[in-house]
Amino acid sequence: MPYIIGTSIPEDKVLVQSIAHIYGLGLSQSKNLCKKAGFGSDSRGKDVSFFKGKMIENLAEATPLPLGADLRRFQNDKIRRLCVLSTYRGSRHRKGLPVRGQRTHTNAKKRPLLKLNVN
(Lines give C-alpha, C1' and ligand atoms only; values in the text may rest on other atoms or scores of the structure.)
Protein backbone atom coordinates (compact mmCIF):
# COMPACT_ATOMS: atom_id res chain seq x y z
CA MET A 1 0.00 0.00 0.00
CA PRO A 2 1.75 3.20 -1.15
CA TYR A 3 1.85 6.32 1.00
CA ILE A 4 1.53 9.77 -0.53
CA ILE A 5 2.01 12.78 1.78
CA GLY A 6 1.43 10.61 4.83
CA THR A 7 -1.85 9.16 3.55
CA SER A 8 -2.16 5.49 2.65
CA ILE A 9 -3.54 4.71 -0.79
CA PRO A 10 -5.74 1.57 -0.80
CA GLU A 11 -4.86 -0.89 -3.55
CA ASP A 12 -8.42 -1.79 -4.51
CA LYS A 13 -9.84 1.75 -4.68
CA VAL A 14 -9.86 4.06 -7.71
CA LEU A 15 -6.72 6.19 -7.61
CA VAL A 16 -8.51 9.51 -8.15
CA GLN A 17 -10.73 8.87 -5.12
CA SER A 18 -7.78 7.72 -3.02
CA ILE A 19 -5.70 10.82 -3.75
CA ALA A 20 -8.72 12.99 -2.87
CA HIS A 21 -8.44 11.61 0.70
CA ILE A 22 -5.22 13.57 1.20
CA TYR A 23 -6.08 16.45 3.50
CA GLY A 24 -6.28 19.60 1.38
CA LEU A 25 -6.78 17.93 -2.02
CA GLY A 26 -10.19 17.75 -3.61
CA LEU A 27 -11.52 15.60 -6.38
CA SER A 28 -10.74 18.01 -9.22
CA GLN A 29 -7.15 18.50 -8.05
CA SER A 30 -6.66 14.75 -7.71
CA LYS A 31 -7.95 14.26 -11.27
CA ASN A 32 -5.42 16.82 -12.50
CA LEU A 33 -2.59 15.14 -10.58
CA CYS A 34 -3.47 11.72 -12.00
CA LYS A 35 -3.64 13.14 -15.50
CA LYS A 36 -0.22 14.81 -15.13
CA ALA A 37 1.29 11.62 -13.72
CA GLY A 38 -0.05 9.57 -16.62
CA PHE A 39 -2.75 7.54 -14.88
CA GLY A 40 -6.13 6.88 -16.47
CA SER A 41 -9.48 7.41 -14.84
CA ASP A 42 -9.82 3.69 -14.05
CA SER A 43 -6.38 3.25 -12.44
CA ARG A 44 -6.27 1.63 -9.03
CA GLY A 45 -3.89 1.93 -6.10
CA LYS A 46 -2.19 -1.34 -7.06
CA ASP A 47 -1.05 0.28 -10.33
CA VAL A 48 1.10 2.80 -8.43
CA SER A 49 4.76 1.85 -8.29
CA PHE A 50 7.23 3.44 -5.89
CA PHE A 51 8.52 5.85 -8.54
CA LYS A 52 5.04 6.82 -9.75
CA GLY A 53 4.03 7.43 -6.13
CA LYS A 54 7.01 9.74 -5.66
CA MET A 55 6.09 11.51 -8.90
CA ILE A 56 2.52 12.11 -7.67
CA GLU A 57 3.89 13.30 -4.32
CA ASN A 58 6.27 15.76 -6.03
CA LEU A 59 3.44 17.08 -8.22
CA ALA A 60 1.20 17.52 -5.18
CA GLU A 61 3.90 19.29 -3.17
CA ALA A 62 4.57 21.61 -6.12
CA THR A 63 1.19 23.26 -5.52
CA PRO A 64 1.47 26.56 -3.64
CA LEU A 65 -1.00 25.45 -0.94
CA PRO A 66 -0.04 23.45 2.17
CA LEU A 67 -1.25 19.84 2.27
CA GLY A 68 -1.63 17.11 4.84
CA ALA A 69 -0.12 17.66 8.27
CA ASP A 70 1.18 21.11 7.32
CA LEU A 71 -2.36 22.31 6.55
CA ARG A 72 -3.71 20.85 9.80
CA ARG A 73 -0.92 22.52 11.78
CA PHE A 74 -1.56 25.85 10.02
CA GLN A 75 -5.29 25.74 10.82
CA ASN A 76 -4.71 24.72 14.44
CA ASP A 77 -2.19 27.55 14.87
CA LYS A 78 -4.74 30.05 13.56
CA ILE A 79 -7.38 28.82 16.03
CA ARG A 80 -4.85 28.77 18.88
CA ARG A 81 -3.86 32.37 18.07
CA LEU A 82 -7.50 33.44 18.25
CA CYS A 83 -7.83 31.78 21.66
CA VAL A 84 -4.65 33.40 22.99
CA LEU A 85 -5.77 36.86 21.83
CA SER A 86 -9.09 36.30 23.66
CA THR A 87 -11.17 37.23 20.64
CA TYR A 88 -14.87 36.42 20.43
CA ARG A 89 -14.19 33.76 17.80
CA GLY A 90 -11.49 32.26 20.00
CA SER A 91 -13.85 32.04 22.96
CA ARG A 92 -16.48 30.34 20.77
CA HIS A 93 -13.85 27.83 19.60
CA ARG A 94 -12.80 27.22 23.19
CA LYS A 95 -16.38 26.63 24.32
CA GLY A 96 -17.18 24.37 21.36
CA LEU A 97 -20.02 26.59 20.15
CA PRO A 98 -20.78 27.79 16.59
CA VAL A 99 -18.23 30.39 15.52
CA ARG A 100 -19.69 32.06 12.44
CA GLY A 101 -22.88 33.54 13.81
CA GLN A 102 -25.16 30.51 13.59
CA ARG A 103 -28.08 30.46 15.98
CA THR A 104 -27.93 28.35 19.10
CA HIS A 105 -31.55 28.61 20.22
CA THR A 106 -32.80 25.70 18.11
CA ASN A 107 -29.62 24.32 16.56
CA ALA A 108 -26.39 23.28 18.23
CA LYS A 109 -28.39 21.91 21.17
CA LYS A 110 -25.75 19.49 22.36
CA ARG A 111 -24.14 21.19 25.24
CA PRO A 112 -20.35 21.22 25.00
CA LEU A 113 -18.34 19.52 27.69
CA LEU A 114 -17.23 21.91 30.39
CA LYS A 115 -13.47 22.28 30.31
CA LEU A 116 -11.89 23.26 33.59
CA ASN A 117 -8.60 24.62 32.27
CA VAL A 118 -10.17 27.35 30.10
CA ASN A 119 -8.12 30.54 30.21
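The values are calculated or read from the model by the stated rules, or taken from the named source; none is laboratory data. All of these numbers come straight from a predicted model, not from anything done at the bench. Note that each Cβ is placed from the backbone with ideal geometry, even for glycine, and that neighbours are counted across all protein chains shown. These accessible areas exclude ligands, DNA and RNA; they are computed on the full protein's heavy atoms, side chains included. Shrake-Rupley method; radii C 1.70, N 1.55, O 1.52, S 1.80 Å.
Protein heavy-atom surface of the chain, 1.4 angstrom probe: 53% of the accessible area is carbon and sulfur, with nucleic acids and ligands not counted. Scaled to the globular estimate 2.2 N^0.38 Å, the Cα spread of the chain, given as radius of gyration, is 1.44.
Springs join every pair of Cα atoms under 10 Å in this Gaussian network model of the chain, and among Ser49, Ser18, Ser30 the largest mean-square fluctuation is at Ser49. In the chain, which longest range has no trypsin sites (Lys or Arg not before Pro) that are both DSSP loop (not H, G, I, E or B) and surrounded by at most 12 other Cβ atoms within 10 Å? The answer is 1-99. Between Tyr23 and Ala108, the simple label model (points 7 Å from Cα in the Cβ direction) yields a spacing of 2.3 nm. State the number of lysine pairs found in the chain whose Cα atoms come within less than 19 Å, restricting to pairs 8 or more positions apart or on distinct chains. Qualifying lysine pairs in the chain: 19.
Per residue, the solvent-accessible area of the chain (1.4 Å probe, heavy atoms of protein chains only, all protein chains present) comes to 74 Å².
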